[in-house]
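Written out below as structure tokens is the structure these notes cover.
The values are calculated or read from the model by the stated rules, or taken from the named source; none is laboratory data. Treat the numbers as computed from the prediction; the structure is a model and nothing was measured. Cβ: placed from backbone, ideal geometry, glycine included. Neighbour counts: every protein chain shown.
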Amino acid sequence: MKASNTSWKEQLAGKIPENLAREIDIFETEVALRKQGKIDERLFAETRLRRGIYGQRYDNGQRHNGQAVQQMPYPSGELTKGPNTMWDAPGMQRIKIPGGGLNADQLETMADLAEEYSDNIAHVTTRQDFQLHYVHIDDTPSLMRRLAAANITTREACGNSVRNVTACPYAGVCQDEAFDVTPYSRALAKFLLGHPDCQNFGRKFKPAFSGCSQHACGLTSLHDVGFIAKTRSENGAEKRGFEMVVGGGLGAVPYMAKLFDSFVPAEEILPLTQAIARVFARLGEKKNRNRARIKFLIQDLGIDKFRELVLEERKTLPADPRWTDYVKNAAQFEEAALRPGGEWPSSASEAFKHWLKGNTRPQKQAGYVTVTVALPLGDITSSQLRSLADIVRRFTKETIRTTVEQNFVIRWVSKSDLPELYSALHAVGLGDSGAGTIVDVVSCPGTDTCKLGISSSRGLAAELRKSLAEKSFQADEAVENLHIKISGCFNSCGQHHVADLGFYGVSRKVGGYAVPHFQVVLGGEWEHNGGSYGLPVAAIPSKNIPQVVTRLADRYVANRTKNETFKDFVKRTGKVEIKSMLDDLARPPAGDRSYFSDWGDPREYSLEDLGVGECAGEVVSSVEFDLAAAEREVFEAQVAFESGQIDKAGKTAYHSMLHAAKALVKISNQNISDDPGQIVSEFRTLYYDTQKFFDPFAGGKFANYLFDAHQKSNGAYTSDSSRYLIDEAQLFIDAAHSCYNRLGASVSA
Amino acid sequence: MELQHVNVKLLVKNPEEVDLEPLIPVFHSWIQGQVFEELLLDVADYRHVQAGPGVVLIGHQGNYSVDNTDNRLGVRYNRKAALDGSNQDRLKQAARAALTACQRLEAEPVLKGKLRFNGQEMELFVNDRLLAPNRESTLEAVKADFQGFSKQLFGGGEYSLSNGGSDPRGLFAVSLRASKSFSVADLLHNLAS
């Protein structure tokens, strides 16, 4: 698209590391070959994904405009950049920022690229990456060259590869850390980038580092491999190492990482990760994407067997000097301050005090603080990025990092500079207070740009941010510190499982129309690196979610015991009581059509084409009734689980799936019996073999949850298997609703 | 020097009275009706970002937005696809696109005439740093093109032309200011003549 695309290579000659320059040249050739039809579209799709180029909503060349599906006649016609992905359709470029670490020049590069190739917005993700949206694929080689000249790569930012290595943004300055994990996380990122042992995964692989166990900043529990800094004494000397956890992950069904080793010496983390990569590449699922993350391999093998295989593999690895070369200097790694340390400002306005309280955090180095720049929904403009570059140059030695809460942290700020720094940030619209509080809502892109989005997570986040900010000064401190995280679908990119108040998008049919909803997920824990995962309580129409937040927050303020966390409050109150509090919000008010569109999107809501003339006949009513009953059952399973009745929880969750399956089978066979075998068999014939139940993107994933549950239904349930089954049952029921929505017209016909 | 990816911005006369929310359904309806020759694709809502791009109508060949960059609210057209022709042709294309959007917005019933545009001023940017770096020599190189364009835009009347941005990191920008006020329709008429 850009007229200058042919000139950037020459312009930046000699300014790009040779290996990166070569890779980009190769990719540019692949782009040209694909345009000539000389590379298969599937191969090209994986090629571009491994360079961080992702598809975006409507890239199949059509869009529902609120009334009908509208074709998008792109100039490149039928040329595709992947299956069912039109060449000219705007896409997303993900940019890896290992550990979130940036300098001022890199901020300026990001500003230029957002302005020239995107829509003047750079978006910080929940894994410390940047994303630029609405990017044309023809521009990506130039974009990559400009990033490479700033020493940034997009390589393996998407695809079945090692994704961004994230790390605590407070590493090196945190008062509670064991030691600074920065050099270790950087070494791992560099080591794994393009490593031959990491090129044959069935799915992505996400590493994370944390300096401590108690805070959330590293979120190691929800990563494929997590490293938590530990020290121990050996012969009177302090020895650095890591508690290593594996097999965590969110996604549709969240898995808590399992302990691999309570202390891995620092010298061993690279080779051990390499051994894990080899085992994952060799034994991990390849055909079924929905079972291809390493968490499933570990679940199937058991952690002990997995550990044994990895340690065996470790013995076979040829020695590599990169494993340990960096370690000898790692302990000396330290950032430095630009200006002398100081004292807290002696006087301050109310707004400044509020900002100080939420957005600053004392460093372990006396006289210095970190400053969090709170970005609304993770978004920042090009102009703001340049101003931020100026600010970090003026006050620090360019020490700034992105965070998993979609913000920036400026490190090494002298306390005495805080008034000036605040003024500078405020002047460019970056002085919002409330970082890490209830107003600092985290959200994935959702239906704004994501192909998988079901509900408008960003629309809801913007609405909550606005409405809660108006209340924040008056809010109770315990409420102010709650975390809200929103995902547009079950895939959890918004990390809703580890929020106090989590939401993920689902759809429900009301009066014959699809209505955007969010599942309310309660009981998650953000602290302790994402210490526990919440469970769904109820599906509520999108437009009622602000009331859900207010109602739950008010109840928490009124009823909590001293120092009771929200998670403990939810547990003590019980899901049954909480669900009953929300019952009146679970249905849209009769006749209010505003519920048929989503936040920030006035189009009539649609998952795909809405059928014409949908109506609720007798059979339809029966289906809805049965699906509602299935939902009640899965909720009962949760209640049983939380009261420690593990076996009952598992059985009830399984039964809820049968109930939902039977609801759909009844559309064709009203005489279907209660025999599980017959239900599953007919469901398979009617909905799986015909692919009617298939999710547009997840395929038969949710149906397989039923088949697996049925196969294992005679066995005993463990705490883990019961917990996973509850999540799977909820997703199966959500999928049954979606299937029923899609069937709408034909059912009523 | 080739000017491509020209951006044109016309400021709103009454920014304090403008609510951006009603623009969202308006832009969706433009997609539905495909009201321009360019392919219109999507709406991006950035109202939550201070001094940001506001509400953007994403197109294939160009974006239209009611943009609040630098707290200056205006309609902005951002030409994304390269164009053949002369520099003046490309300046005119972008100006026509921006003015046409302004005209439609002024006439949108749901906006109730609240959006009015200042036809006395126009800001132009070149959204490609390699083609047009933001420095004095760029202005010198393309001044004649801007003068020719401005003469036609303002119907031969007097105007001033200045470099619109002092930060060398920013886009190359030119500000035009006529000695008298023009309506959007007048400016479009001038460009067509």
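Inspect all residues belonging to region A:104-127 and state whether any of them is more than 14 Å from every other protein chain (Cβ to nearest Cβ), in contact with a helix residue (DSSP H, G or I) (Cβ under 8 Å, 6 or more places away or on another chain), surrounded by 24 or more Cβ atoms within 10 Å (Cβ to Cβ) and in a strand (DSSP E or B).
Within region A:104-127 (the criterion being more than 14 Å from every other protein chain (Cβ to nearest Cβ), in contact with a helix residue (DSSP H, G or I) (Cβ under 8 Å, 6 or more places away or on another chain), surrounded by 24 or more Cβ atoms within 10 Å (Cβ to Cβ) and in a strand (DSSP E or B)), the answer is no, since none of the residues qualifies.
When region B:47-57 is examined, which residues are found to be within 8 Å of chain A (Cβ to nearest Cβ) and buried (at least 24 other Cβ atoms within 10 Å of the Cβ)?
Correct list: B:GLY52, B:PRO53, B:VAL56.
So, in region A:284-300, how many residues would count as being assigned to a helix (DSSP H, G or I) and either closer than 22 Å to A:ALA266 by Cβ or not acidic (Asp, Glu) (or both)?
9
Within region A:44-68, how many residues turn out to be of a type outside the set (Gly, Ala, Ser), surrounded by 13 or more Cβ atoms within 10 Å (Cβ to Cβ) and either within 14 Å of another protein chain (Cβ to nearest Cβ) or without any contact (Cβ under 8 Å) to a residue 12 or more places away in the chain (or both)?
9
For region A:410-436, how many residues meet the condition of being small (Gly, Ala, Ser) and either farther than 20 Å from A:SER349 by Cβ or not in a helix (DSSP H, G or I) (or both)?
Total satisfying the criteria: 7.
What are the residues in region A:403-416 that are buried (at least 23 other Cβ atoms within 10 Å of the Cβ) and in contact (Cβ under 8 Å) with a residue 60 or more places away in the chain, if any?
Result: A:THR403, A:VAL404, A:GLU405, A:GLN406, A:ASN407, A:PHE408, A:VAL409, A:ARG411, A:TRP412.
Considering only region A:673-685, state which residues are within 11 Å of A:LYS662 (Cβ to Cβ) and not β-branched (Val, Ile, Thr).
Correct list: A:SER673, A:ASP674, A:ASP675, A:PRO676, A:GLN678, A:GLU682, A:PHE683.
State which residue is farthest from B:LEU39 (Cα to Cα) when the search covers only region B:69-91 and only residues that are within 12 Å of the chain's Cα centre (by Cα) and either within 12 Å of another protein chain (Cβ to nearest Cβ) or assigned to a strand (DSSP E or B) (or both).
B:GLY74
With the requirement that a residue be surrounded by fewer than 20 Cβ atoms within 10 Å (Cβ to Cβ) and within 14 Å of chain B (Cβ to nearest Cβ), what does region A:69-86 give you?
A:VAL69, A:GLN70, A:GLN71, A:PRO73, A:TYR74, A:PRO75, A:SER76, A:GLY77, A:LEU79
Within region B:125-143, is even one residue under 17 Å from B:ALA97 (Cβ atoms), more than 14 Å from chain A (Cβ to nearest Cβ) and either surrounded by fewer than 18 Cβ atoms within 10 Å (Cβ to Cβ) or modelled with pLDDT of 95 or more (or both)?
No, because not a single residue in region B:125-143 is under 17 Å from B:ALA97 (Cβ atoms), more than 14 Å from chain A (Cβ to nearest Cβ) and either surrounded by fewer than 18 Cβ atoms within 10 Å (Cβ to Cβ) or modelled with pLDDT of 95 or more (or both).
Take the residues of region A:152-189 that are part of a loop (DSSP other than H, G, I, E, B) and among the charged types (D, E, K, R): which is surrounded by the fewest Cβ atoms within 10 Å (Cβ to Cβ)?
A:ASP176
Out of all the residues in region A:13-23, is one or more more than 10 Å from every other protein chain (Cβ to nearest Cβ), loosely packed, with under 12 Cβ neighbours inside 10 Å, aliphatic (A, V, I, L, M) and farther than 30 Å from B:TRP30 by Cα?
Yes: region A:13-23 contains one or more residues that are more than 10 Å from every other protein chain (Cβ to nearest Cβ), loosely packed, with under 12 Cβ neighbours inside 10 Å, aliphatic (A, V, I, L, M) and farther than 30 Å from B:TRP30 by Cα.
For region A:77-103, how many residues meet the condition of being part of a strand (DSSP E or B) and at pLDDT 95 or above?
The total comes to 10.
I need the full set of residues from region B:1-45 which are in a strand (DSSP E or B) and either more than 7 Å from every other protein chain (Cβ to nearest Cβ) or more than 18 Å from the chain's Cα centre (by Cα) (or both), in order please.
Within region B:1-45, B:VAL6, B:ASN7, B:VAL8, B:LYS9, B:LEU10, B:LEU11, B:VAL12, B:LEU40, B:LEU41, B:ASP42, B:VAL43, B:ASP45 qualify.
Looking at (1) within 14 Å of chain A (Cβ to nearest Cβ); (2) surrounded by 14 or more Cβ atoms within 10 Å (Cβ to Cβ), find the lone condition where B:SER166 falls short.
Among (1) within 14 Å of chain A (Cβ to nearest Cβ); (2) surrounded by 14 or more Cβ atoms within 10 Å (Cβ to Cβ), the lone unmet condition for B:SER166 is (2).
From the list A:LYS666, A:LYS692, exactly one residue is surrounded by fewer than 24 Cβ atoms within 10 Å (Cβ to Cβ), outside the structural domain of A:LEU452 (by TED's automatic domain parsing) and touching a Cys at 6+ places or on another chain (Cβ under 9 Å). Which is it?
Exactly one of A:LYS666, A:LYS692 is surrounded by fewer than 24 Cβ atoms within 10 Å (Cβ to Cβ), outside the structural domain of A:LEU452 (by TED's automatic domain parsing) and touching a Cys at 6+ places or on another chain (Cβ under 9 Å), namely A:LYS692.
Within region A:345-380, take every residue that is closer than 25 Å to A:HIS133 by Cα and in contact with a helix residue (DSSP H, G or I) (Cβ under 7 Å, 6 or more places away or on another chain) and give me the one that is farthest from the other protein chains (Cβ to nearest Cβ).
The residue in question is A:THR372.
Conditions tested, residue by residue: (1) in the same structural domain as A:ARG684 (by TED's automatic domain parsing); (2) surrounded by 19 or more Cβ atoms within 10 Å (Cβ to Cβ); (3) modelled with pLDDT of 90 or more; (4) farther than 28 Å from B:ILE24 by Cα.
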{"site": "A:VAL619", "(1), (2), (3), (4)": "yes, no, no, yes"}
{"site": "A:ALA640", "(1), (2), (3), (4)": "yes, yes, no, yes"}
{"site": "A:SER643", "(1), (2), (3), (4)": "yes, no, no, yes"}
{"site": "A:ILE646", "(1), (2), (3), (4)": "yes, no, yes, yes"}
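Being surrounded by 24 or more Cβ atoms within 10 Å (Cβ to Cβ) and out of contact with any Asp or Glu (no Cβ under 9 Å at 6 or more places or on another chain) narrows it down to one of A:ILE269, A:ILE276, so name that one.
Testing whether each residue is surrounded by 24 or more Cβ atoms within 10 Å (Cβ to Cβ) and out of contact with any Asp or Glu (no Cβ under 9 Å at 6 or more places or on another chain) leaves just A:ILE269.
Exactly one condition in (1) out of contact with any Phe, Trp or Tyr (no Cβ under 7 Å at 6 or more places or on another chain); (2) among the aromatic types (Phe, Trp, Tyr); (3) within 30 Å of A:GLY248 (Cβ to Cβ); (4) part of a helix (DSSP H, G or I) is not met by A:TYR740; state its number.
If we test A:TYR740 against (1) out of contact with any Phe, Trp or Tyr (no Cβ under 7 Å at 6 or more places or on another chain); (2) among the aromatic types (Phe, Trp, Tyr); (3) within 30 Å of A:GLY248 (Cβ to Cβ); (4) part of a helix (DSSP H, G or I), just (3) comes out false.
Looking only at strands (runs of 3 or more DSSP E) that lie completely in region A:301-401, which have at least 1 residues being without any contact (Cβ under 8 Å) to a residue 60 or more places away in the chain, among the β-branched types (Val, Ile, Thr) and surrounded by 15 or more Cβ atoms within 10 Å (Cβ to Cβ)?
A:360-362, A:368-373
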